[in-house]
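*Asks:* Pasting in a structure now, in structure tokens, and then I'll have a few things to ask.
The values are calculated or read from the model by the stated rules, or taken from the named source; none is laboratory data. Everything numeric in this text was worked out from a predicted model, so none of it was measured. All Cβ positions, even for glycine, are placed from backbone atoms using ideal geometry, and neighbour counts span all protein chains on display.
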């Protein structure tokens with residue numbers, strides 16, 4: 001028996017809401033039927049940014065409702081696009097928008113599930129990270145369960161690198177089994193790069209394709225200095241967020257590197273080096289000499305300068321885009337949270353303790369009835 005569900009994701013890059021309509025036939029069988037992204041407007045992005053930086057209780061309460069409306073709208077737009085009736089859905093799984101992430105103490109994702117349920121008439125699974133944090137985990141990354149069950153290889157290991165606002169990687173020994181999975185945040189993804197791009201030119205949201213970064217020369221000494229942060233020597237499991245690799249770091253780069261193209265090149269170089277060094281340091285690939293392919297997804301996968309840098313920095317890894325093997329990589333995290341919602345409704349664990357550091361397997365998410 002199959003079920004229809006919608007997975008909703010709004011990442012640290014603050015691009016917008018990703019919505020995936022999926023058909024689930026079992027824990028290892030999830031079919032993507034349609035995917036869309038509803039971009040945040042400039043005003044919406046600014047309001048979320050203010051809530052993250054300086055929100056008081058009223059601001060947070062209001063942005064919670066606003067995000068709920070945006071998540072509901074993305075769902076309804078997806079359903080209208082596919083001519084799917086809300087009553088045909090079994091559930092909506094909403095990651096929400098991360099406002100604060102300080103593991104292992106606390107994590108906060110907003111986007112009121114009551115608003116989503118009220119606007120759509122569908123039950124909602126939300127707040128996936130809190131239970132893992134309560135169990136002593138990082139609350140992240142949570143995508144490894146999907147990486148293991150859906151996107152691994154039958155014949156051997158595979159690494160999956162998502163370059164969103166924050167970059168994270170999963171190393172999966174074999175498809176269908178969560179035992180032995182290694183997963184962690186590697187550090188900055190595109191959050192710093194995009195913030196630098198906006199500081200350099202307020203009329204743009206990002207450096208399209210990494211074109212300006214390609215013209216610049218990175219300040220390697222500054223990158224060396226940033227890579228001394230204790231996060232990079234911390235052993236996995238570990239996770240991070242915009243609190244460490246966000247607007248404040250972008251402002252530091254802009255202050256230190258006055259040439260705009262050089263500043264963007266430095267931000268890209270920081271992501272490239274942090275990813276390459278973390279993969280080399282913590283994953284089995286370079287210790288056993290085996291050939292593990294690396295699939296990349298997320299907004300950073302569209303930055304040609306960044307991808308070229310990764311290929312140069314990781315010559316032993318066969319690097320391909322996720323879409324070459326599966327589907328549009330931008331849909332991957334929304335599909336993963338749809339699977340997490342399905343697991344929660346069946347009382348099955350959604351975390352991978354080896355990835356998050358939790359004390360054990362936990363059922364993730366809270367359920368808001370239709």
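*Asks:* For the list (1) under 19 Å from the mean Cα position of the chain (by Cα); (2) closer than 26 Å to residue 132 by Cβ, I need the number of the one condition that residue 306 fails.
*Replies:* Single failed check for residue 306: (2).
*Asks:* Here is a follow-up. For segment 329-352, state whether one or more residues are in contact (Cβ under 8 Å) with a residue 40 or more places away in the chain, in a loop (DSSP other than H, G, I, E, B) and not assigned by TED's automatic domain parsing to the domain that holds residue 21.
*Replies:* No, there is no match, as no residue in segment 329-352 is in contact (Cβ under 8 Å) with a residue 40 or more places away in the chain, in a loop (DSSP other than H, G, I, E, B) and not assigned by TED's automatic domain parsing to the domain that holds residue 21.
*Asks:* Which ones in segment 142-163 are in a loop (DSSP other than H, G, I, E, B) and touching a helix residue (DSSP H, G or I) at 6+ places or on another chain (Cβ under 6 Å)?
*Replies:* 143
*Asks:* Output yes when any residue across segment 74-86 is surrounded by fewer than 16 Cβ atoms within 10 Å (Cβ to Cβ), more than 19 Å from residue 247 (Cβ to Cβ) and touching a helix residue (DSSP H, G or I) at 6+ places or on another chain (Cβ under 6 Å), and no when none is.
*Replies:* The answer is yes, given that some residue of segment 74-86 is surrounded by fewer than 16 Cβ atoms within 10 Å (Cβ to Cβ), more than 19 Å from residue 247 (Cβ to Cβ) and touching a helix residue (DSSP H, G or I) at 6+ places or on another chain (Cβ under 6 Å).
*Asks:* Give me the strands (runs of 3 or more DSSP E) completely within segment 66-139, filtered to those with at least 1 residues that are assigned by TED's automatic domain parsing to the domain that holds residue 41, without any contact (Cβ under 8 Å) to a residue 40 or more places away in the chain and within 24 Å of residue 346 (Cα to Cα), ordered by residue number.
*Replies:* Passing ranges, in order: 106-110.
*Asks:* Quick one: residue 69 ticks every box in (1) more than 20 Å from the chain's Cα centre (by Cα); (2) farther than 16 Å from residue 117 by Cα bar one, so which box is it?
*Replies:* The single condition residue 69 does not satisfy is (2).
*Asks:* Determine whether segment 287-298 contains at least one residue that is assigned to a helix (DSSP H, G or I), buried (at least 24 other Cβ atoms within 10 Å of the Cβ) and at pLDDT 95 or above.
*Replies:* No - not one qualifying residue is present in segment 287-298.
*Asks:* If residue 251 satisfies all but one of (1) surrounded by 21 or more Cβ atoms within 10 Å (Cβ to Cβ); (2) at pLDDT 95 or above, what's the number of the condition it fails?
*Replies:* Of the numbered conditions (1) surrounded by 21 or more Cβ atoms within 10 Å (Cβ to Cβ); (2) at pLDDT 95 or above, the odd one out for residue 251 is (1).
*Asks:* Considering segment 295-321 alone, what residues qualify as being over 28 Å from residue 215 (Cβ atoms) and touching a helix residue (DSSP H, G or I) at 6+ places or on another chain (Cβ under 8 Å)?
*Replies:* Residues satisfying the conditions are 295, 316.
*Asks:* Follow-up question, since we're still on this one. Which residues, counting only those in segment 1-31, are more than 16 Å from residue 126 (Cα to Cα), part of a loop (DSSP other than H, G, I, E, B) and in contact with a helix residue (DSSP H, G or I) (Cβ under 8 Å, 6 or more places away or on another chain)?
*Replies:* Once the filter is applied, which keeps residues that are more than 16 Å from residue 126 (Cα to Cα), part of a loop (DSSP other than H, G, I, E, B) and in contact with a helix residue (DSSP H, G or I) (Cβ under 8 Å, 6 or more places away or on another chain), segment 1-31 yields 12, 13, 14, 15, 27, 28.
*Asks:* Now, a different point. Step by step: first the residues of segment 313-328, then only those that are without any contact (Cβ under 8 Å) to a residue 40 or more places away in the chain and assigned to a helix (DSSP H, G or I), then the one that is nearest to residue 299 (Cα to Cα). Which residue is that?
*Replies:* Applying the filter and picking the extreme gives 323.
*Asks:* Then there is this: Quick one: is residue 44 more than 20 Å from residue 140 (Cβ to Cβ), in contact with a strand residue (DSSP E or B) (Cβ under 7 Å, 6 or more places away or on another chain) and either at pLDDT 95 or above or in a helix (DSSP H, G or I) (or both)?
*Replies:* no
*Asks:* Which members of segment 86-105 meet the condition of being at pLDDT 95 or above and over 22 Å from residue 331 (Cβ atoms)?
*Replies:* Hit for segment 86-105 is 87, nothing else.
*Asks:* Restricted to segment 41-54, and to residues that are touching a helix residue (DSSP H, G or I) at 6+ places or on another chain (Cβ under 7 Å) and surrounded by 19 or more Cβ atoms within 10 Å (Cβ to Cβ), which residue is nearest to residue 331 (Cα to Cα)?
*Replies:* 48
*Asks:* Checking the conditions here, which among 136, 121, 111 is modelled with pLDDT of 95 or more and crowded, with 24+ Cβ neighbours inside 10 Å?
*Replies:* So the residue among 136, 121, 111 that is modelled with pLDDT of 95 or more and crowded, with 24+ Cβ neighbours inside 10 Å is 111.
*Asks:* Which ones in segment 358-370 are buried (at least 19 other Cβ atoms within 10 Å of the Cβ), in a loop (DSSP other than H, G, I, E, B) and in contact with a strand residue (DSSP E or B) (Cβ under 9 Å, 6 or more places away or on another chain)?
*Replies:* Residues satisfying the conditions are 364, 365.
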